[in-house]
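Q: One structure is given below, represented as structure tokens, and several questions about it will come after.
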Amino acid sequence: MIEAVTRTAGVLDGRIAAFLARETAAFEQAHPRSRAALQGGASGWLGGVPMHWMKDWPSPFPLVAAEASGSHLIDLDGHRLDDFCLGDTGSMFGHSPPPVAKAIRRQARHGLTYMLPTAAALEAGRLLSRTFGEFRWQVALSASDANRFALRVARGVTGRRKVLVFNGCYHGTVDDTMVMLEGGRTRPRPGLVGQVADLASKAVAVEFNDIAAVEAALATGEIAAILTEPVMTNSCMVLPEAGFHDALRTLSRRYGAVLILDETHTLSSGLGGYGRVHSLSPDILVVGKCVAGGMPAAVWGLTPDLAARFAAYDAARPEGHSGMGTTLAANPMQFACLCATLSEVMTPEAYARMEKGADRLAKGLSAVISRVEAPWHVVRVGARVEFICAPGPLRNGSEAARAHHPRLEAAVHLGLLNRGSLIAPFHNMMLVSPVTRNRQIDRLITAFDAILTELFA
Ligand SMILES: Cc1ncc(COP(=O)(O)O)c(C=O)c1O
């Protein structure tokens, strides 16, 4: 009997399986301490780790980290890894940037949380406006929270119920955005734990880059807000087509919807984020993850116009809980870290280094892809680089979903990890920090070359 030969993104499936089996064995052999530390669930954590995402790495069990500094991470087995995951953007400016570490040491002696503003809080507000533009800011502990609160404001001021999101988006664990487009209809995504609300009654999903669909949704008069990243970064990276953001701005104004730009990942684009670099003008800006150099913090800001509308709404609403805010948000440690990051870490010089390194990485990966004639491509948004196991460019979330090949990607990720380069687990994403060295970038390119040469041989 002749067996059918199947391929995934140009690679023989049998070859992927053999590669994965060998790399899995190599990982197991090289990480006895990580394995022993995790074994038996003796730690008391549900599922063995303190956050379930930690099991989503391609390795047979997670690495246990010992420490990290700058652009490298050392695991419990003593391996020194070049870190291109950087906490999936939380540490985009490098692990423990010295000004942030210093600010933490200083603040640690003066109290950790008081629910009162500080002089540093007022300074951070000023620095936020200098960096991102004139907004009226609030602080949250995570970008998920910041998006939740931004949506409340949008619904409050418009009196409308639905949020328009793009198919394949991710804006954190915000229930309202956990929808997808299927057969032309908005549906809840599969897999949501304990989901009871009818999400399609609160959200509409349309495809990124599809302006006609955006307008049709807005024309219903039900849309309180468009919530979007400037570039889709959470499927396989999808760039906006020319005119897309201008059209979003024009249409959102025409139909009275609030435009929320979530720059949590696209802060990689340059100083002030993609919006500032490309002169976008959202009504609400959200930035999380690395905005305080790796300490838990996110900010959301309203334009002065929207802030005035919100103030009027706020004054007229009944007494009671607003549904916004959490106890530990706006603590003095966040402001110490925000000030240090905004004034000393997130600098034009830092972005220039990130840009240069990421360009080197993107060109190196593209050259490998061309040499082995893989039907793949590379996308870069400033310091953020992604290889995609499909031809590009991708136009929308559906194309991005089809470009995703979990087993093949796991093989490449694990191959890179075993060769000393850590990349993000959920997508094929690599970040270049201001302290990432050329030799680390070149090592990653060399490893990618070795892996693709074997897979495509
Ligand atoms: C664009 C975007 N917004 C918001 C979030 C949520 O961030 P957090 O998990 O820190 O709440 C993420 C997380 O990946 C994100 O990619």
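Q: Among the candidates 87, 184, 194, single out the residue that is over 30 Å from residue 306 (Cβ atoms), within 16 Å of the ligand (Cβ to nearest atom) and surrounded by fewer than 23 Cβ atoms within 10 Å (Cβ to Cβ).
A: Every option except 87 fails the conditions.
Q: Output the number of the condition that residue 242 fails; it satisfies all remaining conditions of (1) touching a helix residue (DSSP H, G or I) at 6+ places or on another chain (Cβ under 6 Å); (2) outside any helix (DSSP H, G or I).
A: With respect to (1) touching a helix residue (DSSP H, G or I) at 6+ places or on another chain (Cβ under 6 Å); (2) outside any helix (DSSP H, G or I), residue 242 is out only on (1).
Q: Within the group 359, 449, which residue is surrounded by fewer than 23 Cβ atoms within 10 Å (Cβ to Cβ), over 29 Å from residue 131 (Cβ atoms) and in contact with a Lys or Arg (Cβ under 9 Å, 6 or more places away or on another chain)?
A: 449
Q: Give me the residue from segment 245-271 that is in a loop (DSSP other than H, G, I, E, B) and more than 21 Å from the chain's Cα centre (by Cα) and, out of that set, nearest to residue 427 (Cα to Cα).
A: 257
Q: Can you find a residue in segment 170-180 that is more than 20 Å from the chain's Cα centre (by Cα), of a type in the set (Ser, Thr, Tyr) and surrounded by fewer than 21 Cβ atoms within 10 Å (Cβ to Cβ)?
A: no
Q: Do we find a residue being surrounded by fewer than 22 Cβ atoms within 10 Å (Cβ to Cβ), under 19 Å from the mean Cα position of the chain (by Cα) and touching a residue at least 24 places away in the same chain (Cβ under 8 Å) anywhere in segment 363-372?
A: Looking for residues that are surrounded by fewer than 22 Cβ atoms within 10 Å (Cβ to Cβ), under 19 Å from the mean Cα position of the chain (by Cα) and touching a residue at least 24 places away in the same chain (Cβ under 8 Å), one finds none in segment 363-372, hence no.
Q: Sort out which residues of segment 23-82 are farther than 30 Å from residue 293 by Cβ and of a type in the set (S, T, N, Q), and write them in order of number.
A: 24, 29, 39
Q: Right, next: Taking the criterion of being buried (at least 17 other Cβ atoms within 10 Å of the Cβ), basic (Lys, Arg) and within 11 Å of the ligand (Cβ to nearest atom), would at least one residue in segment 302-322 satisfy it?
A: There is no residue in segment 302-322 that is buried (at least 17 other Cβ atoms within 10 Å of the Cβ), basic (Lys, Arg) and within 11 Å of the ligand (Cβ to nearest atom).
Q: In segment 8-27, what count of residues is obtained for those that are under 29 Å from the mean Cα position of the chain (by Cα) and within 21 Å of residue 75 (Cβ to Cβ)?
A: 4
Q: Looking at segment 167-174, is at least one residue within 16 Å of the ligand (Cβ to nearest atom) and free of Cβ contacts under 8 Å to residues at least 60 places away in the same chain?
A: Yes, segment 167-174 has at least one match.
Q: Condition test on residue 212, is it modelled with pLDDT of 95 or more and more than 16 Å from residue 173 (Cβ to Cβ)?
A: So residue 212 passes the test.
Q: While we're on this one: Do we find that residue 154 is within 16 Å of the ligand (Cβ to nearest atom), at pLDDT 95 or above, surrounded by 22 or more Cβ atoms within 10 Å (Cβ to Cβ) and over 23 Å from residue 211 (Cβ atoms) in this structure?
A: no
Q: I'm told residue 247 meets every condition in (1) among the small types (Gly, Ala, Ser); (2) within 16 Å of the ligand (Cβ to nearest atom); (3) surrounded by fewer than 19 Cβ atoms within 10 Å (Cβ to Cβ) except one. Can you identify the failing condition by its number?
A: The one condition residue 247 does not meet is (2).
Q: Another question about this same structure. Can you confirm whether segment 201-222 contains a residue that is more than 13 Å from the ligand (Cβ to nearest atom), hydroxyl-bearing (Ser, Thr, Tyr) and surrounded by fewer than 24 Cβ atoms within 10 Å (Cβ to Cβ)?
A: Yes, that holds for at least one residue.
Q: Would you call residue 267 within 14 Å of the ligand (Cβ to nearest atom) and either at positive phi or out of contact with any Pro (no Cβ under 9 Å at 6 or more places or on another chain) (or both)?
A: Yes, satisfied.
Q: Every residue in segment 411-441 that is more than 16 Å from residue 63 (Cβ to Cβ), out of contact with any helix residue (DSSP H, G or I) (no Cβ under 7 Å at 6 or more places or on another chain) and touching a residue at least 24 places away in the same chain (Cβ under 8 Å), please.
A: 427, 429, 435, 437, 440
Q: Looking at segment 304-319, I want the residues that are more than 26 Å from residue 133 (Cα to Cα) and have a partner that is modelled with pLDDT of 95 or more and assigned to a helix (DSSP H, G or I) with Cβ atoms under 9 Å, at least 6 apart or on another chain. Which pairs are those?
A: From segment 304-319, the pairs are 317/156.
The values are calculated or read from the model by the stated rules, or taken from the named source; none is laboratory data. None of these values were measured; they are calculated from a predicted model. Note: ideal-geometry Cβ built from the backbone for every residue, glycine included; neighbour counts use all protein chains shown.
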